[in-house]
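After the structure tokens below, expect a handful of questions from me.
The values are calculated or read from the model by the stated rules, or taken from the named source; none is laboratory data. The shown structure was predicted, so the numbers you read here are calculated from the model rather than taken from an experiment. When we count neighbours, we look across all protein chains shown, and the Cβ atoms used for this are built from the backbone with ideal geometry, even at glycine.
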Amino acid sequence: MVLFINHANTVASSAMRVEFDMSTEVTGTVLGGALNLDQPLSLPDQSRVRVTIQPLDANDGWRSALDALERLRKERPIHAAGKRFTRDELYERD
């Protein structure tokens, strides 16, 4: 699962007020209804955040591996310059 965290900070001065967003994308696992993040967040305690949860597809790893193989096949094709057998030669019958 991918967890999107949007943390809004406000900086105030006597002349102006400036807001900026800090967005962080982390992955985690849900265990027993609780969200366990793969890495700690660099936010102070008691920070208010907005959380968007997007489940990861279990096939993402396979899909990226297949895409990498397809790119490799296109970049470096195998040219078999050997003899081409006919159907009869491949399936000889006595």
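Taking the residues in the stretch 35-52 that are among the hydrophobic types (A, V, I, L, M, F, W, C) and within 22 Å of the chain's Cα centre (by Cα) as candidates, determine which candidate is surrounded by the fewest Cβ atoms within 10 Å (Cβ to Cβ).
Out of the qualifying residues, it is V51.
Let me ask you something else. Yes or no: G28 small (G, A, S), modelled with pLDDT under 85, surrounded by 10 or more Cβ atoms within 10 Å (Cβ to Cβ) and not in a loop (DSSP other than H, G, I, E, B)?
Criteria not met by G28.
Being small (G, A, S) and either touching a strand residue (DSSP E or B) at 6+ places or on another chain (Cβ under 7 Å) or assigned to a helix (DSSP H, G or I) (or both) is the filter here; which residues of the stretch 31-64 pass it?
Passing the criteria: S47, G61, S64.
OK, next. Identify all residues within the stretch 70-84 that are surrounded by 10 or more Cβ atoms within 10 Å (Cβ to Cβ) and either among the hydrophobic types (A, V, I, L, M, F, W, C) or within 30 Å of S23 (Cα to Cα) (or both); write none if there are none.
L72
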